[in-house]
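Engineer: Could you have a look at this structure, given as C-alpha cells, before my questions?
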Amino acid sequence: MVKKSYTKTQLRLVTRAPGYIIDYLNDCNRLPVAEESTGKGYPRKYSPEAIDIVKKHIARRSND
C-alpha cells in the first residue's frame, strides 16, 4: 500500500536515512513536498517520490 504523503519521521524509517540528509535535500529544494507545514508543531508532508530521491542520494554517497 502506497501512502499519499510521508512526514520526516516516516521518511527516515522507510529510507533508513539520517534526518540531516532529509533536511539537506529539502533545503536544496530537491524533495517534492505534498503539503507544507501550517505552523510550528505541524509536520511538512513529502510526496512518495521523495523516497526514491533519498535512496538515490544515499546510494551515490556510498559509491564515492
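Bear in mind that the values in this text are calculations on the coordinates, not laboratory data. Every value quoted in this text rests on a predicted model; they were computed, and no experiment measured them. Please note: Cβ atoms are built from the backbone with ideal geometry, for glycine as well, and neighbour counts cover all protein chains shown.
Engineer: Determine the dipole magnitude for the chain: charges of +1 sit on the beta-carbon of Lys and Arg, -1 on that of Asp and Glu, nothing else is charged, the reference point is the Cα centre, and the result goes in debye to the nearest 20.
Structural biologist: Result for the chain is approximately 200 debye, rounded to the nearest 20.
Engineer: Same structure, new question: Would the chain count as rounded, prolate or oblate if I go by the C-alpha gyration tensor, calling it rounded below 1.5 in a/c and otherwise prolate when a/b exceeds b/c, oblate otherwise?
Structural biologist: Because a/c hits 1.5 or more and a/b exceeds b/c, the chain counts as prolate.
Engineer: Now for a different question. I'd like the Karplus ³J(HN,Hα) series for segment 42-50: coefficients 6.51, -1.76, 1.60, θ = phi - 60°, whole numbers in Hz, and an x wherever there's a Gly or Pro.
Structural biologist: For segment 42-50, the Karplus curve yields 10, x, 7, 10, 9, 6, x, 5, 4 Hz.
Engineer: Taking the number of other C-beta atoms within 10 Å as the exposure measure, put LYS56, LYS3, LYS8 in order starting with the fewest.
Structural biologist: In order of increasing Cβ crowding within 10 Å: LYS56, LYS3, LYS8.
Engineer: Net charge around ASP23, counting only other residues with Cβ within less than 12 Å of its Cβ (Lys, Arg = +1; Asp, Glu = -1)?
Structural biologist: Combined, the nearby Lys, Arg, Asp and Glu give +3.
Engineer: Note down the relative contact order for the chain as a percent, whole number, built from C-alpha pairs under 8 angstrom at least six residues apart.
Structural biologist: About 38 percent, as a whole number.
Engineer: So how do GLU49, GLU35 line up by other beta-carbon neighbours within 10 Å, fewest first?
Structural biologist: So the ranking, lowest neighbour count to highest, is GLU49, GLU35.
Engineer: From the phi of every residue in segment 15-28, what ³J(HN,Hα) in whole Hz does the Karplus formula 6.51 cos²θ - 1.76 cosθ + 1.60 yield, where θ is phi - 60° and glycine or proline is x?
Structural biologist: Result, rounded to whole Hz: 8, 6, 9, x, x, 5, 6, 5, 4, 4, 5, 5, 5, 8.
Engineer: Listing LEU13, LEU25, LEU31 from the residue with the fewest other Cβ atoms within 10 Å to the one with the most, what is the order?
Structural biologist: Ascending Cβ contact count within 10 Å gives the list LEU13, LEU25, LEU31.
Engineer: Right, another one. Using amide H atoms built in the peptide plane, which far-off residues or other-chain residues are under 5 Å from THR7 H to H?
Structural biologist: Amide H to amide H, under 5 Å and 5 or more residues apart or across chains, THR7 pairs with TYR46.
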